[in-house]
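Participant: Input: one structure, supplied below.
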Amino acid sequence: MVAVQLVGHGGLDKLHYRSDVPVPVARAGDVLIKVAAAGVNNTDINTRIGWYSKAIDDATGTGGADGFEGVDDADASWSGVALEFPRVQGADCCGRIVSAGEGVDRSRLGERVIVRSMMRSPVDAHPFACWTFGSECDGAFAQYARAPAGEAYKVDCDWSDAELASIPCAYSTAENLLHRASVGAERVLVTGASGGVGSAAIQLAKRRGAHVCAVASAAKADTVRAIGADEVVDRDADLVAAVGPDSIDVAIDLVAGPSWPRLLDVLRRGGRYATAGAIAGPLVELDVRTLYLKDLTLFGCTFQEDEVFENLISYIERGEIRPLVAKTFPLSEIRRAQEEFLAKAFTGKLVLIPPE
């Protein structure tokens, strides 16, 4: 089959488009999916460049095209252990089940499914254990992908394959941030609001009744408002001056970096902060006095309870959300897709389409 293999941590040259990769076989308890579309995510790039290694303290974009020197392969993955190469990446998978392994109901053949990117069954459902589709196992940057049957969720909707492929990683990450922070009808700040997770967080917060203040570039303000933001703050503006001190109930942060302390300044007393990304840099300055004197709660959000993905399926089928697909590319153009992803000149999701 055609697939893109990551052959090591590094630059775009580590992505090898091949036509001689064996088709996976559905083992007991597995399904084989003919991939129709696969979204592009920060985690694909972070994994490729080894950004998860504690040896790296730069922003993602710094090494996004060429990689980093000094990556420690031993801890450069989601799980904190060495990645196995070659690896077919791709956390977002939409497709149809074409084969079922032993113990899987044959009636599932032909189902249109998306795969939960933060999979629970490979780690025996242990809380906080991490097994990511396209990282700890092969993912969706291929014509076919294998997944545990219980991680492949049937979806009944009229969406395009590209739209469905926008859901698994970005929307589950966003929903998990809101779930963990118990977001309701309150004032919510979303950083990185024009990206895949940020745009998802806007929609998902709105369906919970929140008033959303989004941080994005001025060029993307109109698009961000169109997907539901009530207010848009220029990412280069003085955040405290723009939204007011102690005015935000929950901060949903995907950026971190040098401006991070301002997020705590705008949180009200008793406010909550939730993060699942640090595209501007993973190291931040924390004044612990702000943390305890304002009685703030900080949430790191990777592990997802089962209900997070199950809720997403219900939102889709009830027509409560709809992703914004900015552009699609053939799988063969994965390097160009990741270059455009790094340029951040779009709003929503970029999606790869494998050959028939």
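Derivation of every value follows stated rules applied to the coordinates shown; laboratory data play no part. Just so we're clear, the structure is a prediction, and the values are computed from it rather than from any experiment. Every residue, glycine as well, gets a Cβ built from its backbone with ideal geometry; the counts of neighbours run over all protein chains shown.
Participant: Can you give me the Cα centroid spacing of region 216-266 and region 38-76 in angstrom?
Facilitator: 25 Å
Participant: Give me log10 I(q)/I(0) at q = 0.21, 0.27 Å⁻¹ for region 163-206, Debye formula, one equal scatterer per alpha-carbon, no solvent.
Facilitator: Log10 I(q)/I(0), no solvent term: -0.61, -0.96.
Participant: Order the peptides 312-324, 270-282, 164-176 from the highest to the lowest mean number of other Cβ atoms within 10 Å of their residues.
Facilitator: Descending packing order for the listed peptides: 164-176, 270-282, 312-324.
Participant: Same structure again: D for the chain, whole µm²/s, Stokes-Einstein with Kirkwood Rh over alpha-carbon pairs at 10 °C and 1.306 mPa s: what number?
Facilitator: My calculation gives 78 µm²/s for D.
Participant: Additional query: Rounded to the nearest 0.05, what FRET efficiency do Val81 and Val240 have when you use their Cβ-Cβ distance and R0 = 56 Å?
Facilitator: It comes to 0.90.
Participant: Two-decimal Rg/Rh of region 260-312 from alpha-carbon positions, Kirkwood Rh?
Facilitator: Checking Rg against Rh, the ratio lands at 1.05.
Participant: Under 5 Å between amide H atoms, partner at least 5 residues away or on a different chain: which partners does Val325 have, H built in plane at 1.01 Å?
Facilitator: It is Lys349, by chain and number.
Participant: Which entries in Lys220/Lys349; Lys14/Lys220; Lys206/Lys349; Lys220/Lys344; Lys14/Lys349 show an alpha-carbon gap greater than 21 Å?
Facilitator: Checking Cα-Cα distances, Lys14/Lys220; Lys14/Lys349 exceed 21 Å.
Participant: Want the number for Arg108 to Ser314: 0.36 nm per residue separation, take away the alpha-carbon distance, what's left? Show your work: numbers first, answer last.
Facilitator: Values: separation 206, 0.36 × 206 = 74.16 nm, distance 1.90 nm.
Between Arg108 and Ser314, full extension yields an extra 72.3 nm.
Participant: Next question, about the same structure. Which one, Ser247, Ala216, Thr275, is farthest towards the positive end of the dipole of region 171-300 when Lys and Arg carry +1 and Asp and Glu -1 on their Cβ?
Facilitator: The residue sitting most towards the positive pole is Thr275.
Participant: Tell me the Rg and the Dmax, in Å, that the Cα atoms of region 171-300 produce.
Facilitator: 13.0, 38
Participant: Less than 10 Å Cβ to Cβ from Gly281, Lys/Arg counted +1 and Asp/Glu -1: what total charge do the surrounding residues give?
Facilitator: Overall, the nearby charge balance is -2.
Participant: For Val123 and Ala219 in one chain, what is 0.36 nm times their gap in residues minus the Cα-Cα distance, to one decimal in nm? Could the numbers behind the result be given before it?
Facilitator: On the way: separation 96, 0.36 × 96 = 34.56 nm, distance 4.26 nm.
My answer for the length gained is 30.3 nm.
Participant: In percent, how large is the relative contact order of region 171-300, given Cα pairs closer than 8 Å and 6 or more residues apart?
Facilitator: With pairs under 8 Å counted, the relative contact order is 23 percent.
Participant: Would you work out the Kirkwood radius for region 11-145? I mean one over the mean of 1/r across all pairs of different Cα atoms, in Å.
Facilitator: Over region 11-145, the inverse of the mean reciprocal pair distance is 15.9 Å.
Participant: Write down Rg/Rh for region 73-149, rounded to two decimals, with Rg from the C-alpha atoms and Rh from the Kirkwood relation over Cα pairs.
Facilitator: Rg divided by Rh gives 0.99.
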